[in-house]
Amino acid sequence: MTTQQIGYFLKLAEELNYTNVARIFFITQPTLSKQIVNLENELKITLFHRDHNAVQLTPAGKKFYERVKPIFLDLMDAVREAQSYEDDRDNLTIGIQEEQLISNSFMLAINLLRHDYPDLKIAIHRAGSEELLEGLNNGKFDIVNMMAYPTYRYSDKYNFLSLDDEDAYLAYPRKLMKLADKITQEELKAVLKEHELILPYVLNTVDDEQAKKIFLENYKIQDGEEINLRIVQSGRPISLPLQVSSGLGVSVCNRTNLFMIDPEVNLAQIADTEHSYDKGLFYSKQPGNPYIKLIIKKTREEHEKYRASLNE
């Protein structure tokens, strides 16, 4: 039994979707399945019920999850604390917001840095927005790639490098409907009268009523129009993409979101909306790790190349 296997198990227990978890850990689905089977064989416990349509925890798997998760989190904290006493100049820890794809310019910069500094250890972790920024404060993360929510965008604590200024899209289950690549406000309203709208809840940023008000204003919908809106804490315990792909509702998102690579979900750009998504890199205004400045420099260069290519 390895900490890696336990990490895979805990995330699968929360997501209940092999495809999503494999993407989160940047591994293939067969690799994930093999690791879970190896863990079950070693423990002599069936952790999951599997069929073609769903994955569910067994009673034994649920009990194992409840007992192991706090122990695992304590273990990871102990490891990080011990590592803090070591020379960390050749380490770079990156946080990626849950359900967001890594910005393309940033990914290119990571690969270039790995090439130029083969001994550099780069660790990439996924987490919620609050956990990412808290991690910047306590040194868990050196740099994070996430959405620039207003609460954070102008903070005195962080620098922000904008990379993805994206329009809004409607994410909808492929099996329930077929929409054009770009839809009007009226077409959006028609969908929302028939299907529940699922929105992520951003901790400490807005409450449910504020979220609904902001949504109605951004998408030019009169308050009182027939919309079934539900706020969920994205990623816990069931991810937003999984809810949409399962046919539980529709959602709105930016383009560089896990919805983009979900084969069960289509995206339709929403026309005439005042809403856009700004995603980029947050990092400390006084970074102690010298590799932070290097990767920011490389990311800027790759982003400028990308923008120049659009004007050619």
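For chymotrypsin sites (Phe, Trp or Tyr not before Pro), no site in the range 255-299 is both called loop by DSSP and has at most 12 other Cβ atoms within 10 Å. Of the residues Asn137, Pro30, Phe160, the one whose Cα sits farthest towards the positive end of the charge dipole of the chain is Pro30 (charges of +1 on Lys and Arg Cβ, -1 on Asp and Glu Cβ, taken about the Cα centre). Dipole size of the chain about its Cα centre, with +1 on Lys/Arg Cβ and -1 on Asp/Glu Cβ: approximately 720 debye, rounded to the nearest 20. Under 5 Å from the amide H of Asn91 lie the amide H atoms of Lys121, each residue being 5 or more positions distant or on a separate chain, with H modelled from the backbone and absent for Pro and chain starts. In terms of its C-alpha gyration tensor, the chain comes out oblate, because a/c is 1.5 or above while a/b does not outweigh b/c.
In this calculation the C-beta distance from Glu196 to Gln29 is compared with R0 = 22 Å, giving a FRET efficiency of 0.15. Modelled spin-label separation between Lys297 and Lys178, with each label point placed 7 Å from Cα along the Cα-to-Cβ direction: 5.2 nm. I need the calculated FRET efficiency for the pair Leu216 and Met76, taking r as the beta carbon distance and R₀ as 41 Å, to the nearest 0.05. The formula returns an efficiency of 0.50 here. Gain on full extension, evaluated as 0.36 nm per residue between His125 and Asn104 minus their Cα-Cα distance, stands at 5.9 nm.
Spacing of the modelled spin labels on Glu66 and Gln286, each 7 Å from Cα toward Cβ, amounts to 4.6 nm.
In a fully extended conformation the segment linking Ser162 and Asn53 would gain 35.3 nm over its present Cα-Cα distance, using 0.36 nm per residue.
Of the residues Glu301, Glu14, Glu99, the one that moves most in a GNM of the chain with alpha-carbon contacts below 10 Å is Glu301. With all protein chains in place and a 1.4 Å probe, the accessible surface of the chain carries 49 percent carbon and sulfur.
The values are calculated or read from the model by the stated rules, or taken from the named source; none is laboratory data. It should be emphasised that the depicted structure is a prediction, and the values quoted were computed from it without experimental measurement. Using ideal geometry, Cβ is built from the backbone for each residue, glycine included, and neighbour counts are taken over all protein chains shown. The protein model used for the area step is the full one, side chains on, heavy atoms only, and it has no ligands, DNA or RNA in it. Shrake-Rupley method; radii C 1.70, N 1.55, O 1.52, S 1.80 Å.
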